[in-house]
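Worksheet: one structure, shown below.
The values are calculated or read from the model by the stated rules, or taken from the named source; none is laboratory data. What you see is a predicted model, and the numbers here were worked out from it, not measured in a lab. For neighbour counting, all protein chains shown are included, and Cβ atoms are generated from backbone atoms with ideal geometry for every residue, glycine included. Note: areas computed on protein heavy atoms with side chains; ligands, DNA, RNA excluded. Shrake-Rupley method; radii C 1.70, N 1.55, O 1.52, S 1.80 Å.
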Amino acid sequence: MAHILLIDGDPQIIQLLTTCLEGHGYLATTTSDGSTGIHLLQQYQFDLVITDIVMPNTDGFEVILSLLTQPQRPKIIVMSGGSLNLSHVFLLETAQKLKADRVLAKPVGIKELLTVIHEVTQTT
């Protein structure tokens, strides 16, 4: 069973995705900000990180950059809908340049997300 760290500033998205992930046999740990996510990554081993980009305090880019220094980093899926100042296309292209394993534009369908999670966690 893959252990997934889910980082998203929207509590409704966290609740929905946690229910979905756990219902499909994944172990989900969640947080609503990047700084707590980085702390959790230093304390625990995760197979996959799913992170939003635009969040209060520490954003998803900082989460990704902290992972790049780890020799055995977890896989990374980035999801973003953009912000008032930045388009989601720019955010997702930047995440891809930072070596995220997959990037998805919000809103993301549950079936699509589960397919991507399966694909990413099955590759070595």
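Assess whether Gln96 counts as being out of contact with any Asp or Glu (no Cβ under 6 Å at 6 or more places or on another chain), in a helix (DSSP H, G or I), at pLDDT 95 or above and not hydrophobic (A, V, I, L, M, F, W, C). It would help to see each step written out before you state the result.
On the way: out of contact with any Asp or Glu (no Cβ under 6 Å at 6 or more places or on another chain): yes; in a helix (DSSP H, G or I): yes; at pLDDT 95 or above: no; not hydrophobic (A, V, I, L, M, F, W, C): yes.
Taking the combined requirement at face value, the residue does not satisfy it.
Of all residues in segment 18-33, count the ones that are out of contact with any strand residue (DSSP E or B) (no Cβ under 6 Å at 6 or more places or on another chain), open to solvent by less than 60 Å² (accessible area, probe 1.4 Å) and closer than 19 Å to Lys75 by Cβ.
Of the residues in segment 18-33, 2 are out of contact with any strand residue (DSSP E or B) (no Cβ under 6 Å at 6 or more places or on another chain), open to solvent by less than 60 Å² (accessible area, probe 1.4 Å) and closer than 19 Å to Lys75 by Cβ.
So which residues in segment 5-32 are charged (D, E, K, R), in contact with an Asp or Glu (Cβ under 9 Å, 6 or more places away or on another chain) and more than 17 Å from Arg102 (Cβ to Cβ), if there are any at all?
Matches in segment 5-32: Asp10 only.
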